[in-house]
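*Asks:* Mind looking over this structure? Questions follow.
The values are calculated or read from the model by the stated rules, or taken from the named source; none is laboratory data. Computed from a prediction, not measured in an experiment: that's the story for all the values here. Cβ placement follows ideal geometry from the backbone for every residue including glycine, while neighbour counts extend to all protein chains displayed. Ligands, DNA and RNA are excluded from the accessible area calculation, which covers all protein heavy atoms including side chains. Shrake-Rupley method; radii C 1.70, N 1.55, O 1.52, S 1.80 Å.
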Amino acid sequence: KISVSKWQQKYYQEKHAIETIYIPNGVDVVRCDFADSISFKKKIGVDDFILNVSRHDPVKNPGEFVRLAERIPSFQFVIIGPGLSVDIFEKEYGIKPPPNLLIYGEASIQTVQNAIAACSVLVSTSKKEGLPTLILEGMAHGKPVIVSNEPGSMEAIDHGAYGLFYELGNI
(Lines give C-alpha, C1' and ligand atoms only; values in the text may rest on other atoms or scores of the structure.)
Protein backbone atom coordinates (compact mmCIF):
# COMPACT_ATOMS: atom_id res chain seq x y z
CA LYS A 1 0.00 0.00 0.00
CA ILE A 2 1.40 3.35 -1.07
CA SER A 3 0.73 6.91 0.10
CA VAL A 4 1.89 9.83 -2.02
CA SER A 5 1.95 12.29 0.86
CA LYS A 6 2.90 12.22 4.52
CA TRP A 7 -0.49 13.52 5.65
CA GLN A 8 -2.18 10.70 3.73
CA GLN A 9 0.11 8.08 5.28
CA LYS A 10 -0.72 9.37 8.76
CA TYR A 11 -4.45 9.52 7.94
CA TYR A 12 -4.60 5.88 6.81
CA GLN A 13 -2.70 4.74 9.88
CA GLU A 14 -4.73 6.74 12.41
CA LYS A 15 -8.21 6.40 10.89
CA HIS A 16 -8.05 2.91 9.37
CA ALA A 17 -5.01 1.18 10.95
CA ILE A 18 -3.57 0.72 7.46
CA GLU A 19 0.19 0.91 7.15
CA THR A 20 1.50 2.41 3.91
CA ILE A 21 4.88 3.25 2.49
CA TYR A 22 5.49 6.85 1.52
CA ILE A 23 6.49 7.43 -2.09
CA PRO A 24 6.02 11.09 -3.00
CA ASN A 25 4.74 12.21 -6.40
CA GLY A 26 7.31 13.48 -8.80
CA VAL A 27 7.38 15.50 -11.98
CA ASP A 28 9.04 15.10 -15.34
CA VAL A 29 11.48 18.00 -15.08
CA VAL A 30 12.72 17.44 -18.64
CA ARG A 31 9.17 17.92 -19.94
CA CYS A 32 8.95 21.12 -17.88
CA ASP A 33 12.28 22.31 -19.30
CA PHE A 34 11.04 21.84 -22.88
CA ALA A 35 7.76 23.71 -22.41
CA ASP A 36 7.10 26.45 -24.95
CA SER A 37 5.61 29.49 -23.24
CA ILE A 38 5.71 31.62 -26.40
CA SER A 39 3.53 29.25 -28.41
CA PHE A 40 0.90 29.15 -25.66
CA LYS A 41 0.83 32.93 -25.32
CA LYS A 42 0.40 33.23 -29.10
CA LYS A 43 -2.34 30.61 -29.10
CA ILE A 44 -4.44 32.43 -26.48
CA GLY A 45 -3.40 35.99 -27.37
CA VAL A 46 -2.49 36.89 -23.78
CA ASP A 47 0.97 37.59 -22.35
CA ASP A 48 0.32 37.95 -18.62
CA PHE A 49 -2.19 35.68 -16.88
CA ILE A 50 -3.06 33.75 -13.75
CA LEU A 51 -3.55 30.04 -14.44
CA ASN A 52 -5.63 27.24 -12.97
CA VAL A 53 -5.56 23.69 -14.32
CA SER A 54 -8.61 21.79 -13.20
CA ARG A 55 -11.59 19.79 -14.43
CA HIS A 56 -15.34 19.74 -13.90
CA ASP A 57 -15.19 18.11 -10.46
CA PRO A 58 -16.39 19.54 -7.13
CA VAL A 59 -13.18 18.31 -5.44
CA LYS A 60 -11.06 20.35 -7.89
CA ASN A 61 -13.27 23.34 -7.04
CA PRO A 62 -12.95 25.31 -10.32
CA GLY A 63 -15.80 27.65 -9.37
CA GLU A 64 -13.57 29.21 -6.72
CA PHE A 65 -11.08 30.22 -9.43
CA VAL A 66 -13.89 31.78 -11.46
CA ARG A 67 -14.93 33.79 -8.38
CA LEU A 68 -11.34 34.98 -8.02
CA ALA A 69 -11.34 36.18 -11.64
CA GLU A 70 -14.62 37.95 -10.98
CA ARG A 71 -13.15 39.75 -7.95
CA ILE A 72 -10.02 40.97 -9.77
CA PRO A 73 -11.18 42.24 -13.17
CA SER A 74 -7.89 44.04 -13.86
CA PHE A 75 -6.05 40.70 -14.29
CA GLN A 76 -6.40 38.09 -17.02
CA PHE A 77 -7.22 34.54 -15.90
CA VAL A 78 -7.00 31.25 -17.79
CA ILE A 79 -8.51 27.93 -16.74
CA ILE A 80 -7.64 24.68 -18.49
CA GLY A 81 -9.38 21.37 -18.05
CA PRO A 82 -11.87 18.86 -19.40
CA GLY A 83 -15.55 19.51 -18.97
CA LEU A 84 -15.14 23.23 -18.30
CA SER A 85 -17.37 25.67 -20.18
CA VAL A 86 -19.49 28.75 -19.64
CA ASP A 87 -22.60 26.54 -19.43
CA ILE A 88 -21.04 24.23 -16.81
CA PHE A 89 -19.98 27.16 -14.63
CA GLU A 90 -23.44 28.73 -14.85
CA LYS A 91 -25.46 25.52 -14.35
CA GLU A 92 -23.26 23.49 -12.00
CA TYR A 93 -21.40 26.16 -10.02
CA GLY A 94 -23.94 28.99 -10.16
CA ILE A 95 -21.49 31.58 -11.47
CA LYS A 96 -21.17 33.41 -14.76
CA PRO A 97 -17.55 33.52 -15.96
CA PRO A 98 -16.36 37.13 -16.23
CA PRO A 99 -14.84 38.61 -19.42
CA ASN A 100 -11.31 38.46 -17.97
CA LEU A 101 -11.47 34.64 -17.76
CA LEU A 102 -10.48 32.50 -20.73
CA ILE A 103 -11.84 28.95 -20.53
CA TYR A 104 -9.42 26.85 -22.56
CA GLY A 105 -11.04 23.46 -22.02
CA GLU A 106 -9.27 20.12 -22.35
CA ALA A 107 -5.59 20.20 -23.31
CA SER A 108 -2.74 17.77 -23.92
CA ILE A 109 -0.05 17.25 -21.30
CA GLN A 110 2.36 19.31 -23.40
CA THR A 111 -0.12 22.16 -23.81
CA VAL A 112 -0.60 22.23 -20.03
CA GLN A 113 3.19 22.40 -19.58
CA ASN A 114 3.33 25.23 -22.12
CA ALA A 115 0.58 27.07 -20.20
CA ILE A 116 2.37 26.64 -16.88
CA ALA A 117 5.58 27.95 -18.45
CA ALA A 118 3.66 30.94 -19.84
CA CYS A 119 1.67 31.94 -16.75
CA SER A 120 2.59 34.59 -14.21
CA VAL A 121 1.06 32.72 -11.25
CA LEU A 122 -0.34 29.20 -10.83
CA VAL A 123 -3.35 28.80 -8.52
CA SER A 124 -4.84 25.54 -7.23
CA THR A 125 -8.29 25.66 -5.63
CA SER A 126 -8.56 21.93 -4.85
CA LYS A 127 -10.47 20.78 -1.80
CA LYS A 128 -8.38 17.60 -1.51
CA GLU A 129 -5.08 16.38 -2.93
CA GLY A 130 -2.57 13.65 -2.22
CA LEU A 131 0.55 15.54 -3.23
CA PRO A 132 -0.47 17.73 -6.19
CA THR A 133 1.65 17.11 -9.26
CA LEU A 134 0.39 20.37 -10.79
CA ILE A 135 1.89 22.41 -7.96
CA LEU A 136 5.18 20.51 -8.17
CA GLU A 137 5.24 21.21 -11.92
CA GLY A 138 4.59 24.91 -11.30
CA MET A 139 7.47 24.98 -8.86
CA ALA A 140 9.70 23.13 -11.38
CA HIS A 141 8.84 25.90 -13.85
CA GLY A 142 9.88 28.48 -11.23
CA LYS A 143 6.37 29.93 -11.01
CA PRO A 144 4.80 31.44 -7.91
CA VAL A 145 2.16 29.02 -6.65
CA ILE A 146 -0.92 29.66 -4.55
CA VAL A 147 -2.83 26.73 -3.07
CA SER A 148 -5.80 26.11 -0.82
CA ASN A 149 -4.96 25.23 2.77
CA GLU A 150 -5.84 21.55 2.43
CA PRO A 151 -3.22 19.04 3.69
CA GLY A 152 -1.80 17.77 0.37
CA SER A 153 -1.34 21.21 -1.13
CA MET A 154 0.12 22.54 2.10
CA GLU A 155 2.62 19.68 2.11
CA ALA A 156 3.64 20.52 -1.48
CA ILE A 157 4.56 24.09 -0.49
CA ASP A 158 6.01 22.99 2.86
CA HIS A 159 3.30 24.89 4.75
CA GLY A 160 4.13 28.23 3.16
CA ALA A 161 7.90 27.94 2.75
CA TYR A 162 7.69 27.55 -1.05
CA GLY A 163 4.37 29.09 -1.97
CA LEU A 164 1.36 30.98 -0.71
CA PHE A 165 -1.91 29.58 0.56
CA TYR A 166 -5.42 30.74 1.27
CA GLU A 167 -8.27 29.40 3.37
CA LEU A 168 -10.64 27.25 1.30
CA GLY A 169 -13.82 29.20 0.56
CA ASN A 170 -12.10 32.55 1.16
CA ILE A 171 -10.31 33.16 -2.12
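*Asks:* I need the shape label for segment 54-131. Rule: rounded when a/c is under 1.5, else prolate if a/b > b/c, else oblate, with a, b, c from the alpha carbon gyration tensor. List each step's numbers first, then the result.
*Replies:* Details: a/c = 1.41, a/b = 1.13, b/c = 1.25.
In terms of gyration-tensor shape, rounded.
*Asks:* Taking all protein chains as present, what is the carbon and sulfur share of the accessible area of the chain, in % to the nearest whole number, probe 1.4 Å?
*Replies:* Values: 4750 of 9030 Å².
Summing carbon and sulfur atoms, their accessible area is 53 percent of the total for the chain.
*Asks:* Which is farthest toward the positive dipole end of the chain among 147, 104, 21, measuring Cα position about the Cα centre, with Cβ charges +1 (Lys, Arg) and -1 (Asp, Glu)?
*Replies:* Comparing the listed Cα positions along the dipole, 104 ranks first.
*Asks:* May I pose another question? Using the heavy atoms of the protein chains alone and a 1.4 angstrom probe, what is the accessible area of the chain per residue in square angstrom?
*Replies:* Working: 9030 Å² over 171 residues.
Normalised by residue count, the accessible surface of the chain is 53 Å².
*Asks:* Can you give me the Rg/Rh ratio for segment 73-171, using Cα atoms for both radii and the Kirkwood formula for Rh? Walk me through the intermediate numbers first.
*Replies:* Working: Rg = 13.7 Å, Rh = 14.3 Å.
Ratio of gyration radius to Kirkwood radius for segment 73-171: 0.96.
*Asks:* Report, ordered by chain and residue number, the lysines lying within cross-link reach of residue 10, taken as a straight Cα distance under 28 Å and ignoring same-chain residues fewer than 8 apart.
*Replies:* Partners within reach: 1, 60, 127, 128.
*Asks:* Along Cα→Cβ, 7 Å out, is where each label goes; now give me the distance between the ones at residue 106 and residue 74 in nm to one decimal.
*Replies:* Label-label distance for residue 106 and residue 74, simple model: 3.8 nm.
*Asks:* Given an 8 Å cut-off on Cα distances and at least 6 residues of separation, report the relative contact order of segment 1-141 as a percent.
*Replies:* On the way: 238 pairs, mean separation 44.8, N = 141.
Relative contact order, segment 1-141: 32 percent.
*Asks:* With the contact rule set at Cα under 8 Å and sequence spacing of 6 or more, what percent relative contact order holds for segment 70-138? Please list the in-between numbers first.
*Replies:* Values: 58 pairs, mean separation 21.2, N = 69.
Averaging sequence separation for qualifying contacts and normalising by length gives 31 percent for segment 70-138.
*Asks:* Let a ≥ b ≥ c be the square roots of the eigenvalues of the Cα gyration tensor of segment 89-136; is it rounded (a/c under 1.5), or, if not, prolate (a/b larger than b/c) or oblate? Write down the numbers at each step before the final one.
*Replies:* Values: a/c = 1.95, a/b = 1.31, b/c = 1.49.
Oblate, since a/c reaches 1.5 and b/c is not below a/b.
*Asks:* For segment 1-123, what class follows from the C-alpha gyration tensor (a ≥ b ≥ c being the square roots of its eigenvalues): rounded when a/c is under 1.5, otherwise prolate if a/b is larger than b/c, else oblate?
*Replies:* Details: a/c = 2.65, a/b = 1.47, b/c = 1.80.
Because a/c hits 1.5 or more and a/b fails to exceed b/c, segment 1-123 counts as oblate.
*Asks:* Follow-up question, since we're still on this one. Quick one: length gained pulling residue 28 to residue 48 fully straight, 0.36 nm per residue minus the C-alpha distance? The partial results should precede the final answer.
*Replies:* Values: separation 20, 0.36 × 20 = 7.20 nm, distance 2.47 nm.
Stretched out fully, the residue 28 to residue 48 stretch lengthens by 4.7 nm.
*Asks:* Order 15-27, 66-78, 139-151 from most to least packed using the mean count of other Cβ atoms within 10 Å.
*Replies:* On the way: 15-27: 11.8, 66-78: 17.4, 139-151: 19.2.
Taking the mean over residues of other Cβ atoms within 10 Å, the ranking is 139-151, 66-78, 15-27.
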